[in-house]
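Remarks on the structure that follows.
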Amino acid sequence: MTDFNLSDWALKHRSLVWYFMLVSSVMGAFSYFNLGREEDPDFTIKTMIIQASWPGATLEDMVSQVTDRIEKKVEEIPQFDYAKSLTRPGETTIFVNLKENTKPVHVRGRPPRH
C-alpha cells in the first residue's frame, strides 16, 4: 500500500487547487466585509478600575490619604456594590464593582445608541 502524497496530488490537479484557492479567497473577502462593526458591545462591564500614584508616599499615606478617600467617594454612587483595592507605597489600584441590576445607561453616563 502506498501513502497518499498531497504534494504530488496537488501538482497533478493544479486547476482544482487553483479553483479551491480562488473560492477560499473570495469567501474570505466576502466574510471580512460582512463582519459586524459595533463600536460598543451589547453587554456592559460593570467594573471600573481607578489608579492613582503619589511617588515617594508611604503605604500608610497612600491608604489614609488616597485609597480611603477615593473609596468613600465611590461609595456615594447609588449603583455601588463593592470595591477591592490594592495599595503599595506610592500607588493604589481600586476595582469598583457595580450592582448586577445596574442599567447600561448608568454605567456609560450617556443614553445608548440605537
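So how far apart, in nm, are the two label points at I50 and E38 if each is 7 Å from Cα heading toward Cβ?
2.9
Using 0.36 nm times the number of residues separating E76 and N97, minus their current alpha carbon distance, what extension gain do you get?
Going from the current span to full extension adds 6.3 nm.
If Lys and Arg each add +1 and Asp and Glu each add -1, what is the summed charge of the other residues whose beta carbon sits under 9 Å from the beta carbon of K46? Spell out each step's value before the answer.
Values: positive: K99; negative: D81, E100.
Combined, the nearby Lys, Arg, Asp and Glu give -1.
Using only Cα atoms, tell me the angle between helix 14-33 and the longest principal axis of the chain; keep it within 0 to 90° and round to the nearest 10.
Taking Cα atoms only, the helix is inclined about 30 degrees.
Could you state the per residue volume, in Å³, of the convex hull enclosing the Cα atoms of the chain? Spell out each step's value before the answer.
Details: hull volume 31.5 nm³, N = 114.
Per residue, the Cα convex hull of the chain comes to 276 Å³.
At 7 Å along Cα-to-Cβ for each site, give me the label-to-label distance between L86 and L16 in nm.
About 5.6 nm separates the two model spin labels.
Would you check the chain for Lys pairs whose C-alpha atoms are within less than 26 Å, ignoring same-chain pairs closer than 8 in sequence, and give me the count?
Counting lysine pairs in the chain gives 13.
Tally Lys and Arg at +1 and Asp and Glu at -1 over the other residues with C-beta under 15 Å from the C-beta of V74: what net charge comes out? Don't skip to the answer; put the middle values down first.
Values: positive: K46, R69, K72, K73, K84, K99; negative: D68, E71, E75, E76, D81.
Counting the neighbours of V74, the net charge comes to +1.
With a sphere of radius 14 Å drawn around the Cβ of P55, what net charge do the other residues whose Cβ falls strictly inside it have (Lys, Arg +1; Asp, Glu -1)?
Working: positive: R88; negative: D61, E91.
Spelling it out: positives minus negatives among the neighbours equals -1.
Since every read-out is calculated from the coordinates, none of them should be taken as a lab result. This one's a predicted model, so the numbers in the text were calculated from it and none came from an experiment. Cβ coordinates were reconstructed from backbone atoms using ideal geometry, including for glycine residues, and neighbour counts include every protein chain displayed.
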